[in-house]
Amino acid sequence: AEDFYIGQIRLANNAIDRDNERFSEEVLSRFAATAIRKTMLFDHSRDSQESAVGKFFDVTIEKLPLQQANAETGENFRLPPSVTDVQFLTGSFYIPVKGLDEKIIVKIDTGIFDFASIGFRAESLVPVMDVEGKTLFWEYRGSGQRTEMTEGSLVYLGAQHGMSVKSAGGASERNNSNSQEQHKSTDNDGPLRPENPLKPGRHKSADDDDPLRPENPLKPGRHKS
């Protein structure tokens, strides 16, 4: 127990997010199937060994009625009319304590490192339209092998509402909690609009503006890795 810092983090959900996008339920299922052994990072940074702090060793999909999800997170989730439950992709992670800067643990425990974001590939991103042909939101779809979770990150603010550290602490604390309850930033190699080829490694964070939508031109300061 003294060798590992263990916790749970909500990485993604099926609600419409700050980018007016959502993950379909089939995509969340693929993320869950591919999450084990993926790396936990800081701010989606893959350029430094210091950014890789942990691993995901377990995953679950939590299904909560909309009202309960809002009350638990303090958010106001927006779902498509046909969807009644908010589904959270929740990963369990470990961080080896040896050699870890104590300030990292303190910041997680005090909620300074709190918000989360997922790195991923998806087979397609399609517009969901109303009867008049107006785009209501965009939806990631795909249940094949090209859809997967590639990493999970602690970020200053994720594009998806309510994604954050759910619980954290020593291994003994995590075991006790188990007995009681069972990016979005976009980088250059992500899944693009239908007219663009699929590329690996997209992630989501709150400061994203999608350059591929005509009404949202690329703006300075966009985070791209």
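The values are calculated or read from the model by the stated rules, or taken from the named source; none is laboratory data. All figures in this text were calculated on a predicted structure; none of them were measured in a lab. For neighbour counting, all protein chains shown are included, and Cβ atoms are generated from backbone atoms with ideal geometry for every residue, glycine included. We work out accessible area using only protein heavy atoms, side chains counted, and drop any ligands, DNA or RNA first. Shrake-Rupley method; radii C 1.70, N 1.55, O 1.52, S 1.80 Å.
Descriptive notes on the structure:
- Pairs, first charged (D, E, K, R) in region 28-57, second open to solvent by 70 Å² or more (accessible area, probe 1.4 Å) and assigned to a loop (DSSP other than H, G, I, E, B), C-beta under 7 Å, six or more apart: ARG30/SER143; LYS55/ARG37
- Qualifying residue in region 63-84 (condition: assigned to a loop (DSSP other than H, G, I, E, B), among the aromatic types (Phe, Trp, Tyr) and in contact with a Leu (Cβ under 8 Å, 6 or more places away or on another chain)): yes
- The residue that is farthest from ILE112 (Cα to Cα), counting only those in region 18-28 that are open to solvent by less than 40 Å² (accessible area, probe 1.4 Å) and either among the acidic types (Asp, Glu) or assigned to a loop (DSSP other than H, G, I, E, B) (or both), is SER24.
- Filter result for the condition that a residue is under 30 Å from VAL131 (Cβ atoms) and in contact with a Lys or Arg (Cβ under 8 Å, 6 or more places away or on another chain), over VAL83, VAL27: VAL27
- Screening the candidates SER45, SER51 for the property of being open to solvent by 10 Å² or more (accessible area, probe 1.4 Å), farther than 16 Å from ARG141 by Cβ and touching a His at 6+ places or on another chain (Cβ under 9 Å) yields one hit, SER51.
- Residues being under 13 Å from ALA33 (Cβ atoms) and open to solvent by 70 Å² or more (accessible area, probe 1.4 Å) - total across region 122-145: 2
- Positions within region 29-42 being open to solvent by 60 Å² or more (accessible area, probe 1.4 Å) and under 14 Å from PHE93 (Cβ atoms), in sequence order: ILE36, ARG37
- As a summary of the residue check, THR60 satisfies the conditions (1) β-branched (Val, Ile, Thr); (2) surrounded by fewer than 19 Cβ atoms within 10 Å (Cβ to Cβ); (3) part of a helix (DSSP H, G or I) except for the one numbered (3).
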